Amino acid sequence: MSTSHAAAAARFIENMERTSWHNQALWFVRQKRDRVSKQLPEWEELRQLAHDIKRYNVTHLDSLLERFEAKAQANGVTVHWAVDAEEHNRIVHGLLEQHGVKSLVKSKSMLSEECELNAYLMARGIDVIESDLGERILQLMHQRPSHIVMPAIHIKREEVAELFAREMGTDPGNSDPTYLTHAARANLRRHFLEADAAMTGGNFAIAETGEVVVCTNEGNADMGMSCQKINITAFGIDKIIPDLRSLGVFTRLLARSATGQPITTYTSHFGRPHKGGEQHFIIVDNGRSKILGMPEHRKVMNCIRCGACMNTCPVYRRSGGYSYSYFIPGPIGINLGMLTDPQKHSGNVSACSLCLSCSFVCPVMVDLGEQIYIWRQKLDGFGTADPKKKVMSNGIKYLMDRPGLFHSALKMAPMVNSMPRFMTYNGLNDWGKERELPKFAKQSFESWWKKNHKEKNAK
C-alpha cells in the first residue's frame, strides 16, 4: 500500500544518519519556537488576532486589493494583475525585455517557485541569480527548495564547502559557516552591483499604505532593490493585510514561528521607485480565488509561510522535503497540492500521522491536520484511493458487520503467531517492512472480561 510519498521517503531514509540529523535540526527550531513564544504572555491572543484579521481579509479581499492598488499607484508604483502563473511570467519577462535586461538578481520567493519563473526566464536568455544564501546554494546544486523558510536545511555544511570550492575557489576543507557566508557575500556583491534589474517576493502587502513588506535575515532583498533601477515585487492576493497595526501582529508571530527569533533582522518596506527608476508590483491569483470558494479549505489562505508546521511534523522531519510531489512540502504543502491538483498530489495525503501538531503550532490557526483528514475522505471520489486499502477496509467492514464471524476470527488470530515468516512478511504487509508485528494474545480482551466478570459475580 505504498504511495508516491512513501516511495520517495524510502530513498531519503536509506541514509539513517542524515535522516536523524535532519529530524534533530528541525526539532531544534521547533523547540526555539516554543521558548520564544512562551516569552509573550499574549501569544495565544496574538494568534487569535492574526486569525481574525485573516478572516476579515478573506471577506473584504476585493476592497482591500483595490485600496492597495490606488495607494501604490499614488506612490508612483506601476501595478500589474496576473490571473495565473503563465501571465505572471509573461509580465516579468515583458518588463525585463522592455528594458534590455540580461541579468536579474532575485531574493527568495516561493511565488516564483510556484510559477517556475527562473526556468522561464533563463530559457529566454536572462541570467537569474538567487541572492538568498540557501537559495543560492540550491541554485548552484541545481536543486529546488526542500523547506519554505530554510530551503537548504537538508544540505550539510561540508557539502556546501565542497560546492563553494568548485564554484568560488574557496578552501574545500574549511566548512566554517562564517567563512562560507563571507565567501558567498563576496561572490554575490558583484551580481548586486552589475545586475540590470532586481526582484523580490512579499510577505505582506499593506492596503493602507500601498507598500509591500519583505522579511529577511540576510538583507539580500534590500541589496538587490537598492542597486537597480528596475525593481519588481510579486506576491499572491493572500498577502494583503489592512493596515500597519495589523503588520505589527504578524511580524511578532512570523519570525518566532519560523526560526525561533523574536524578529527578523530586516523588515523592509518597498513602496516607491528610486529616483529615475521604476517599481513594479505584480499581484497574482493563480488559483487563490478558487480556494476562497471552498469553505472546508478556505483557511489555508491564512498561511503566512512561516514553515512552523514543517518544523514540528514528525513525517516531514523524517522523510525530507523532496518526498512530497508538490513544490511546498509538509502539512501546508499537502493541502495546497490537493487544492491545486488532487489527482497528481494525492500521494502526499498519507504523509500525515494526524497528530495535529501542525494545527497546534500554526500562528494563524490554520486547521492543517483536520483538512488533511477531510482530503482522505475525498480520495475515493477523486479516483485516487489505494485499491489495496479499499479492499482491506471493505473486508474489515464485512467482518465487523457480522459478530459471529468477528468472534471466530478473534479466536483463530493467535494461529498467525506460529505461521512461517514468509506468510506474514511479504509484499502484502507494508507494515512489516520496517517493524515486527506484535504477537496476537492467546485470549482476547472480550473473552478475558467475560470470564473474570462472571467469576466476580459468582462470588
Six or more apart or on different chains, Cβ under 6 Å: which pairs go from a residue in region 277-302 that's touching a residue at least 40 places away in the same chain (Cβ under 8 Å) and closer than 16 Å to residue 368 by Cβ to one that's surrounded by fewer than 20 Cβ atoms within 10 Å (Cβ to Cβ) and acidic (Asp, Glu)? Could you list them?
299/367
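Can you report the number of residues in region 238-258 which are basic (Lys, Arg) and closer than 23 Å to residue 81 by Cα?
Restricting attention to region 238-258, the residues satisfying the condition of being basic (Lys, Arg) are 239, 245, 252, 256.
Applying the additional criterion that residues be closer than 23 Å to residue 81 by Cα yields 239.
Final tally of qualifying residues: 1.
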Residue, surrounded by the most Cβ atoms within 10 Å (Cβ to Cβ), within region 216-264, restricted to residues that are out of contact with any Leu (no Cβ under 9 Å at 6 or more places or on another chain) and among the β-branched types (Val, Ile, Thr)
233
Within region 115-132, the count of residues that are part of a helix (DSSP H, G or I) and either crowded, with 20+ Cβ neighbours inside 10 Å or without any contact (Cβ under 8 Å) to a residue 24 or more places away in the chain (or both) comes to 6
Pairs, first closer than 12 Å to residue 136 by Cα in region 149-165, second of a type in the set (Gly, Ala, Ser), C-beta under 6 Å, six or more apart
151/134; 152/134; 164/183
What number of residues within region 334-393 are more than 15 Å from residue 3 (Cβ to Cβ), in a helix (DSSP H, G or I) and over 17 Å from the mean Cα position of the chain (by Cα)?
7
Quick one: which of 427, 383, 395, 404 is closer than 30 Å to residue 340 by Cβ and surrounded by fewer than 11 Cβ atoms within 10 Å (Cβ to Cβ)?
383
Residue pairs qualifying under the 6 Å Cβ cut-off, at least six apart or on distinct chains, with the first in region 422-445 being in contact (Cβ under 8 Å) with a residue 40 or more places away in the chain and on the phi > 0 side of the Ramachandran plot and the second being exposed (fewer than 10 other Cβ atoms within 10 Å of the Cβ) and assigned to a loop (DSSP other than H, G, I, E, B), are none
All-but-one check, residue 270 against (1) over 27 Å from residue 72 (Cα atoms); (2) touching a residue at least 60 places away in the same chain (Cβ under 8 Å); (3) in contact with a Gly (Cβ under 9 Å, 6 or more places away or on another chain), failing number (1)
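This table checks each residue for (1) within 30 Å of residue 185 (Cα to Cα); (2) part of a helix (DSSP H, G or I); (3) not assigned by TED's automatic domain parsing to the domain that holds residue 276.
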| position | (1), (2), (3) |
| --- | --- |
| 50 | no, yes, no |
| 53 | no, yes, no |
| 80 | no, no, no |
| 88 | yes, yes, no |
| 97 | yes, yes, no |
| 100 | yes, no, no |
If you take the residues of region 185-201 that are small (Gly, Ala, Ser) and modelled with pLDDT of 95 or more, which of them is surrounded by the most Cβ atoms within 10 Å (Cβ to Cβ)?
198
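Is it the case that residue 105 is in contact (Cβ under 8 Å) with a residue 60 or more places away in the chain, outside any loop (DSSP other than H, G, I, E, B) and touching a helix residue (DSSP H, G or I) at 6+ places or on another chain (Cβ under 7 Å)? Spell out how you get there, then give the answer.
On the way: in contact (Cβ under 8 Å) with a residue 60 or more places away in the chain: yes; outside any loop (DSSP other than H, G, I, E, B): yes; touching a helix residue (DSSP H, G or I) at 6+ places or on another chain (Cβ under 7 Å): yes.
In short, yes.
The values are calculated or read from the model by the stated rules, or taken from the named source; none is laboratory data. This is a predicted model, so every value here is computed, not measured. When we count neighbours, we look across all protein chains shown, and the Cβ atoms used for this are built from the backbone with ideal geometry, even at glycine.
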